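Each remark here refers to the structure printed beneath this line.
The values are calculated or read from the model by the stated rules, or taken from the named source; none is laboratory data. All values derive from a computational prediction rather than experimental measurement. Heads up, the Cβs are rebuilt from the backbone with ideal geometry, glycines too, and the neighbour counts pull from every protein chain shown. Each accessible area value is taken on the protein alone, full model and side chains, heavy atoms only, with ligands, DNA and RNA left out. Shrake-Rupley method; radii C 1.70, N 1.55, O 1.52, S 1.80 Å.
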Amino acid sequence: MADANAPAKSLLLDTQLIVTNKFTVFSSDAAVDKTKLTSLQKKADEQIELFKQPEVWLKQVTIDRTKVFSCLLAINQVNVPDIDDLTTQVDLLIGILQASLDNAVGTVEDEKAATATAPNRNQEALEALQNIRRKTLGRFQFFMARGIDLATNADFQALRKRQDPLRDNYTNKLRDESVLADEIDVMLLNGFANAFQASEELPPFFKHYGELSDFIEQRCPLPTA
């Protein structure tokens, strides 16, 4: 598989070669301020070394080839022993390379942070389903106190017979992540829990119970026999 970063890596090697060659030319001239040259060379080397971090190459690195070429051309044209002009041109090059580095590392770090902080929607959906169970049990007790036993209510038992396998299948699929919940799924599931809690009569409770089954079946239908 072709390395998408091959052009950037090649450009960096060419850049290092040209700049190092210029430093060599300057170092051989007695009129050059060697202290300034040594400091500049160290700064340039450190910039190149930063690109040797493995995380830099986890994403495609984009370096403005035109700008780099212009800088290299200007560096090549600097006359010895003008170390100040060379410093100006090398600093411009370092700025371009650093901008590319910041973008590459920043993209990787942003993705890592997004992954680290991204909510687990499947876990939230499972928690919402558990909350629905609690609210349903609460309605059992609520209606029982009013003399209505849902355990023997034929209409509810028909609704329950349909929903139980759907809910169990959905729960298992959420756990093994063969089905992925999203934010809307979680919101709707929590909405069902609230609707159950607010149901003080059988008709709306039955209605919401059936709608929950419809929702689950749409998100995760039972496997066909």
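Within the range 27-41, is there a residue that is assigned to a helix (DSSP H, G or I), in contact with a Lys or Arg (Cβ under 9 Å, 6 or more places away or on another chain), surrounded by 13 or more Cβ atoms within 10 Å (Cβ to Cβ) and aliphatic (A, V, I, L, M)? Looking through the range 27-41, none of the residues is assigned to a helix (DSSP H, G or I), in contact with a Lys or Arg (Cβ under 9 Å, 6 or more places away or on another chain), surrounded by 13 or more Cβ atoms within 10 Å (Cβ to Cβ) and aliphatic (A, V, I, L, M). Just one of the listed residues (PRO165, PRO221) is modelled with pLDDT of 90 or more, in a loop (DSSP other than H, G, I, E, B) and within 40 Å of the chain's Cα centre (by Cα), namely PRO221. Selection of the range 142-156 for residues being over 44 Å from the mean Cα position of the chain (by Cα) and assigned to a helix (DSSP H, G or I) yields PHE142, PHE143, MET144, ALA145, LEU150, ALA151, THR152, ALA154, ASP155.
In summary, VAL61 fulfils each of the numbered conditions (1) open to solvent by 60 Å² or more (accessible area, probe 1.4 Å); (2) under 18 Å from LEU101 (Cα atoms); (3) of a type in the set (A, V, I, L, M, F, W, C) with the single exception of condition (1). Looking for something within 33 Å of the chain's Cα centre (by Cα) and surrounded by 14 or more Cβ atoms within 10 Å (Cβ to Cβ) - is there at least one such residue anywhere in the range 83-90? No, because not a single residue in the range 83-90 is within 33 Å of the chain's Cα centre (by Cα) and surrounded by 14 or more Cβ atoms within 10 Å (Cβ to Cβ). Could you please let me know if VAL56 is open to solvent by less than 90 Å² (accessible area, probe 1.4 Å), outside any loop (DSSP other than H, G, I, E, B), modelled with pLDDT under 90 and under 15 Å from PRO7 (Cβ atoms)? Answer is yes for this residue.
Tallying residues that are open to solvent by 40 Å² or more (accessible area, probe 1.4 Å), aliphatic (A, V, I, L, M) and touching a residue at least 12 places away in the same chain (Cβ under 8 Å) within the range 114-167 yields 2. Which residue is most open to solvent (accessible area, probe 1.4 Å), if the candidates are limited to the range 195-225 and must be in contact (Cβ under 8 Å) with a residue 40 or more places away in the chain and of a type in the set (S, T, N, Q)? Only one residue fits best here, namely GLN197.
Would you be able to say whether some residue in the range 117-130 is at pLDDT below 85 and part of a helix (DSSP H, G or I)? Taking every residue of the range 117-130 in turn, at least one turns out to be at pLDDT below 85 and part of a helix (DSSP H, G or I). Just wondering, is there one or more residues in the range 2-22 that are modelled with pLDDT of 90 or more, buried (at least 18 other Cβ atoms within 10 Å of the Cβ), small (Gly, Ala, Ser) and under 23 Å from THR62 (Cα atoms)? No, that holds for no residue. Within the range 13-26, the set of residues being touching a residue at least 40 places away in the same chain (Cβ under 8 Å) and either under 16 Å from PRO81 (Cβ atoms) or in a loop (DSSP other than H, G, I, E, B) (or both) comprises LYS22, VAL25, PHE26. Filtering ILE83, ILE148 for residues that are at pLDDT 90 or above and in contact with a Lys or Arg (Cβ under 8 Å, 6 or more places away or on another chain) leaves a single hit, ILE83. On the basis of being touching a residue at least 12 places away in the same chain (Cβ under 8 Å), open to solvent by 20 Å² or more (accessible area, probe 1.4 Å) and on the phi > 0 side of the Ramachandran plot, does GLU177 make the cut? So GLU177 fits the description; yes.
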